[in-house]
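**Student:** Dumping the structure here so I can ask a few things about it.
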Amino acid sequence: MSDRIERDSLGEMPVPSEAYYGVQTVRAVENFQITGIPISRFQYLIKAHAAIKEAAAKANTELGLLDPDIAKAIIQASQEVGTGKYDQHFIVDVFQGGAGTSTHMNANEVIANRALEILGHERGEYKYCHPNNHVNLSQSTNDVYPTALKLASIWCINDLIQAMSLLMDGFALKGEEFKDVLKIGRTQMQDAVPMTLGQEFMAYAITIGEDMERLREASRLMHEINMGATAIGTGINSVEGYADLVREHLIRIVGFSLITAPNLVEATSDSGAFVQLSGVLKRIAVKLSHICNDLRLLSSGPRAGLGEIQLPAVQPGSSIMPGKVNPV
């Protein structure tokens, strides 16, 4: 396997000749051997970076900042990356220092090298299309990475809401099916008052529905982006009109509404939307765990436990006790 030599501000490094990533990605792989989980596992994050790079190239071209031929190649490369075609070249560890710079540069380098091929050049011939000077024109990790995280979060939230909707409907159906099945209700694990199994399952449906609404609220916060902020929110190295134009192109690419934060300095330093989403996800996890524990307790036994319900058996539960089933 041959290598090509690439250079950055720290010097030269060999890069596998067949790789679409470049020198900064190689440095990141050496620096951050932490989890062994590459960012390629998170396709929505790669798709989000690709969408942003496509939008930026279109905006920069309209503003007269980027050569149309280079822009066309970057746009095509970004669209290809967004389909997952080059996921195997996104190799930096998901945990890393530098506020996302390694992930961002991995994206810049892959798109730049694919654009070079489209333009008829070899990978690494950055004088024709450079990861920083062309793919990253008018941008910074500090506006691209948070925006990419928000786009990826919106897509993930939509997937989660769909899954929770199926779960909610399933509990509601069981609530109706079990509406006449009497059982004992308990507090502090002690017998309290009668209830129906249907009431219990309907309560599960309601609590899932409430958390879906909390997710939608958290998602709305993700629609505010700081593209155009560049390094710290002052918009340095971008021109007037870029922030609005890149947002307009990004909306057309991703297909949902986005707004530019009213104060880009504040937005660039703020992580409140992610904190809130994290809290909502923890709330959902706690509630799901509570439901699972209820079902596990109600099905305990079958002889020496409560044994009130019988969960469908999906796999044997022991290597030593034939016939034992665990509520997995």
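The values are calculated or read from the model by the stated rules, or taken from the named source; none is laboratory data. Quick caveat, the model's predicted, so the values are computed rather than measured. Neighbour counts run over all protein chains shown; Cβ positions are idealised from the backbone, glycine included. Note: areas computed on protein heavy atoms with side chains; ligands, DNA, RNA excluded. Shrake-Rupley method; radii C 1.70, N 1.55, O 1.52, S 1.80 Å.
**Student:** What are the residues in the range 1-39 that are in a loop (DSSP other than H, G, I, E, B) and either farther than 22 Å from R114 by Cα or open to solvent by 90 Å² or more (accessible area, probe 1.4 Å) (or both), if any?
**Tutor:** M1, S9, L10, F32, Q33, I34, T35, G36, I37
**Student:** Being at pLDDT 95 or above and open to solvent by 10 Å² or more (accessible area, probe 1.4 Å) is the requirement here; does E109 meet it?
**Tutor:** Spelling it out, it is not the case that E109 is at pLDDT 95 or above and open to solvent by 10 Å² or more (accessible area, probe 1.4 Å).
**Student:** Does the range 265-279 hold any residues that are among the charged types (D, E, K, R) and without any contact (Cβ under 8 Å) to a residue 24 or more places away in the chain, and which are they?
**Tutor:** D270
**Student:** Which one of L306, L250 is among the hydrophobic types (A, V, I, L, M, F, W, C) and within 30 Å of Q139 (Cβ to Cβ)?
**Tutor:** L250
**Student:** Follow-up question, since we're still on this one. How do the pairs read when you match residues in the range 239-263 that are over 17 Å from W155 (Cα atoms) and touching a residue at least 24 places away in the same chain (Cβ under 8 Å) with residues anywhere that are open to solvent by 70 Å² or more (accessible area, probe 1.4 Å) and part of a helix (DSSP H, G or I), using Cβ under 7 Å and keeping only pairs 6 or more apart or on different chains?
**Tutor:** Once the first residue is over 17 Å from W155 (Cα atoms) and touching a residue at least 24 places away in the same chain (Cβ under 8 Å) and sits in the range 239-263, its partners that are open to solvent by 70 Å² or more (accessible area, probe 1.4 Å) and part of a helix (DSSP H, G or I) give L245/E62; T260/D244.
**Student:** Find all pairs meeting these conditions: Cβ atoms under 8 angstrom apart; at least six residues apart or on different chains; first residue within the range 92-116 and on the phi > 0 side of the Ramachandran plot; second residue open to solvent by 40 Å² or more (accessible area, probe 1.4 Å) and of a type in the set (S, T, Y).
**Tutor:** Sorted first by the residue in the range 92-116, then by its partner, the pairs are A99/Y145; G100/Y145.
**Student:** Hey, another quick one. Specify which of the listed residues (F95, F42, F90) is open to solvent by less than 10 Å² (accessible area, probe 1.4 Å), among the aromatic types (F, W, Y) and modelled with pLDDT of 95 or more.
**Tutor:** Within the list F95, F42, F90, the selection yields F90.
**Student:** Another one. Could you tell me whether the range 57-71 includes any residue that is open to solvent by less than 60 Å² (accessible area, probe 1.4 Å) and within 22 Å of the chain's Cα centre (by Cα)?
**Tutor:** Within the range 57-71, none of the residues are open to solvent by less than 60 Å² (accessible area, probe 1.4 Å) and within 22 Å of the chain's Cα centre (by Cα).
**Student:** Among the residues of the range 124-177, write down those that are open to solvent by 30 Å² or more (accessible area, probe 1.4 Å), of a type outside the set (G, A, S) and within 21 Å of L295 (Cβ to Cβ).
**Tutor:** Passing the criteria: L160, L166, L167, M168, D169, L173, K174, E176, E177.
**Student:** Name the one entry in K282, K287 that is out of contact with any Pro (no Cβ under 9 Å at 6 or more places or on another chain), of a type in the set (D, E, K, R) and in contact (Cβ under 8 Å) with a residue 40 or more places away in the chain.
**Tutor:** K287
**Student:** Additional query: Here is a check on your reading of the model: is R252 within 22 Å of L151 (Cα to Cα) and open to solvent by 80 Å² or more (accessible area, probe 1.4 Å)?
**Tutor:** It is true that R252 is within 22 Å of L151 (Cα to Cα) and open to solvent by 80 Å² or more (accessible area, probe 1.4 Å).
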